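Novice: Take a look at this one; I'll ask things after.
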Amino acid sequence: MSDAESQPEVEKPIENRLMKEVPISHIIPAELPLLFSDQMVVKGQEDGLFVLYFFQTRPPIAVTTEQVEAVEKIDAKCVAQIIVTPQQMQKNIAAMNTNFQRQLSKTGKVRLEQVAEEGVDGNDKN
């Protein structure tokens, strides 16, 4: 047996692999639920990945003054959590900013004072 036969095959570096660019077809399954989120928390991890948590608040039904005064907290249920790479996070931020600015210029419906009052992480400063 020769030395070449006894040596394990070493994987070739990426630059020597054949590469081909192909388009990505984004498919949204009909059964995928559409969720509402009014709270978001972004957590950076030590490995560089980001975890995005999307929450939905559901205020309690309070009709009387006594019921309203009895409310001590409102729960925010996590409806989705997604992990993204730093590269994808950067693309997401750019896409959200572009679309936010486009929507704002079309409709003017977002109250900038409200956005300014909220913290950087999307949660109220209070």
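Novice: Please label the shape of the range 32-84 as rounded, prolate or oblate, based on the square roots a ≥ b ≥ c of the eigenvalues of the alpha-carbon gyration tensor (a/c under 1.5 means rounded; beyond that, a/b larger than b/c means prolate, else oblate).
Specialist: Numbers: a/c = 6.04, a/b = 2.33, b/c = 2.59.
In terms of gyration-tensor shape, oblate.
Novice: Within the range 23-108, report the GluC sites (Glu not before Pro) that DSSP leaves as loop and that have at most 15 other Cβ atoms within 10 Å. Each step should come with its number before you reach the end.
Specialist: On the way: sites: GLU31, GLU46, GLU66, GLU69, GLU72; in loops: GLU31, GLU46, GLU72.
Sparse-neighbourhood loop GluC sites (Glu not before Pro): GLU31, GLU46, GLU72.
Novice: Compute the FRET efficiency between MET19 and GLN45 as 1/(1 + (r/R0)^6), taking r as their Cβ-Cβ distance and R0 = 30 Å, and round to the nearest 0.05.
Specialist: Numbers: r = 29 Å, r/R0 = 0.98.
Computed FRET efficiency for MET19 and GLN45 comes out at 0.55.
Novice: Next question, about the same structure. How high is the FRET efficiency from ARG102 to CYS78, r the C-beta distance, R0 30 Å, rounded to 0.05? Walk me through the intermediate numbers first.
Specialist: On the way: r = 29 Å, r/R0 = 0.96.
So the FRET efficiency works out to roughly 0.55.
Novice: Amide H of ALA80 versus every other amide H placed in the peptide plane: which residues, excluding those fewer than 5 positions away on the same chain, fall under 5 Å?
Specialist: Placed amide hydrogens put PHE54 under 5 Å from ALA80.
Bear in mind that the values in this text are calculations on the coordinates, not laboratory data. Keep in mind the model is a prediction, meaning the values are calculated, not measured. With ideal geometry, Cβ positions are generated from the backbone for all residues, glycine too; neighbour counts draw on all protein chains shown.
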